[in-house]
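No value in this document is a laboratory result; all are computed from the given coordinates. Treat the numbers as computed from the prediction; the structure is a model and nothing was measured. In this analysis, Cβ positions are derived from the backbone assuming ideal geometry, glycine residues included, and neighbour counts consider all displayed protein chains.
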């Protein structure tokens, strides 16, 4: 892992070798020399970092820095854009996500995604929204129990238990977003990608989503793209700062927001550009 | 150095810095006048020091409020957060320095009833000059973000401690020789020496804060639990 930026190695002091070895052993996702293009335009360059099995990595940076492209590479959504391509390696539990034979649909079950705007399926009931991923992947089981368990874990059960067969379109924006998170976790993913999941929500709905992230991180590796610095500080354990397609700095959130090493990180988080 | 995109935020931080430096200037002036009052045995000047302390107290309240407003409005991070946090700590040290200047002024009145030996007064003046120099240097270090200068202030504090110890030993020796003299005057003198030494300690605290502000490294208590 010589060319991989080790998140735990970026704390305020260099860790002892055994800590570094432990970090590698605990890596859920290793990104090694990732590059990404839209046609001839390179939007990511030489991104290398490690994501822990449990916890939250916040990805911050000004618009156009490549942070959304970065997470879209992780569940292979990027390649769906015509002319888009990637280079480098992404290892999930040591397995290359871009190796031949990897089924992108199965990959997206393991690596769930929540988008900026709640994208509930309007013609399906609340119950079927939760079960959509399970049905797509042909996963059998006690669907009623899964619906209840998932909605409880997303703190939505008490609010919707009497109207599971209703359309999700009557839910508030915050409830719809929690339903999308429920849909993502119903298939028991290992990694959860969130692209500005609370940017369209009011402060109370945002607080609920953040509380939910705090609970979910006990079970999943979560990578959240956010423009909201305070949100990054509140919800994440580690933070990566991207600028012009490059990873400028990655480290413990506490360090990035108190004593960043790089002047560009300092200038960005203190609001001097971006 | 890059400026914040928000000019209002930039202005708030500048105001905080200016208010802090103005308060520091007042604290320094209070020490100077307290020492001058001792040298001249000037009770009226000592009284001025006591009365003017309320301006420094008011500085503390207003600077605290300004820092709280910045935190509430801007949620500062990184060097901005360190600056606001350090300002809150420095303001406490400056307010205590003001209180110590008042303590010195109060003791001046006791001493003036029993004028001390000139040699001892001169030593205390020397101590006062060293302490003011320390305070001035640490404030310059804060303004310029000069870590090396702040480290020198910390290192030089040992000299101030040693000078205070020597002065107290001289006072004890003189008091023992002068059995007829009332003890109140000697006690007041040794208190003044100790107050000056404490001002030096506050300058050292500020120096530690300057290092934290610039480097993000906590050097208090020999580096603290996380070391540095």
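Pairs of Cα atoms nearer than 8 Å and 6+ residues apart set the relative contact order; for segment A:160-274 it is 17 percent.
Each stretch of four or more DSSP H residues adds -39500 (n - 2.57); spread over every residue of chain A, this sum gives -10000 deg cm²/dmol at 222 nm. Approximating the spin labels as points 7 Å out from Cα along Cα→Cβ, the residue A:165-to-residue B:114 distance works out to 9.9 nm.
If R0 is 41 Å, the Cβ-Cβ spacing of residue B:162 and residue B:65 corresponds to a FRET efficiency of close to 0.55.
Extension gain for residue A:237-residue A:204 works out to 9.7 nm (0.36 nm per residue, less the C-alpha to C-alpha distance). Taking the centroid of alpha carbons for each part, segment B:55-72 and segment A:92-158 are 51 Å apart. The length gained by stretching the chain between residue A:85 and residue A:158 to full extension, at 0.36 nm per residue less their Cα-Cα distance, is 21.9 nm. Normalised by the number of residues in segment A:23-124, what is the relative contact order in percent for Cα pairs under 8 Å and 6+ residues apart? It rounds to 30 percent for segment A:23-124. Take every DSSP beta bridge whose two residues both sit in chain A; close to 55 percent of them are antiparallel.
Here the calculated FRET efficiency for residue B:10 and residue A:215, from their Cβ-Cβ distance with R0 = 41 Å, stands at 0.60, rounded to the nearest 0.05. Between 0 and 90 degrees, the angle of helix A:126-136 with respect to the longest Cα principal axis of chain A falls at about 60 degrees. Over all projection directions, the Cα-based convex hull of the protein assembly as shown averages an area of 30.1 nm². Contact order, relative form, for segment A:104-182: 47 percent (alpha carbon pairs under 8 Å, 6 or more residues apart, mean separation divided by residue count). Could you pull out which residues in segment B:102-124 have an amide N less than 16 Å from a spot 7 Å beyond the Cα of residue B:174, following the Cα-Cβ vector? In segment B:102-124, the label zone of residue B:174 (backbone N under 16 Å from the point 7 Å along Cα→Cβ) covers B:107-124.
Solvent-free Debye calculation, one equal scatterer per alpha-carbon of segment B:139-218: log10 I(q)/I(0) at 0.13, 0.26 Å⁻¹ equals -0.52, -1.10. Among B:151, B:117, B:197, the largest mean-square fluctuation in a Gaussian network model of chain B, built with springs joining Cα atoms closer than 10 Å, belongs to B:117.
Treating r as the C-beta distance of residue B:3 and residue A:42 and R0 as 30 Å, the FRET efficiency rounds to 0.45.
Take the Cα radius of gyration of segment B:1-112 and divide it by 2.2 N^0.38 Å, N being the number of residues; the result is 1.30. Placing a pseudo-label 7 Å from each Cα along the Cα-to-Cβ vector at residue B:73 and residue B:57 gives an inter-label distance of 2.8 nm.
Here, segment A:208-269 has an Rg and a Dmax of 12.0, 34 Å when only alpha carbons are counted.
In the elastic network of chain A, a GNM with C-alpha springs shorter than 10 Å, the most mobile of A:210, A:252, A:159 is A:159. Taking label positions 7 Å along the Cα-Cβ direction at both residue A:261 and residue B:48, the computed distance is 5.5 nm, reported to one decimal. Under conditions of 20 °C and 1.002 mPa s, segment A:87-170 yields 144 µm² s⁻¹ as its translational diffusion coefficient, taking Rh as the Kirkwood radius over Cα pairs in the Stokes-Einstein equation.
When DSSP beta bridges are restricted to pairs lying wholly in the protein assembly as shown, around 55% turn out antiparallel. Distance from the C-alpha centroid of segment B:97-120 to that of segment A:24-90: 69 Å, rounded to the whole angstrom.
Most fluctuating residue of A:109, A:52, A:72 in a GNM of chain A with Cα springs under 10 Å: which is it? Comparing A:109, A:52, A:72 in a Gaussian network model of chain A, the most mobile one is A:72.
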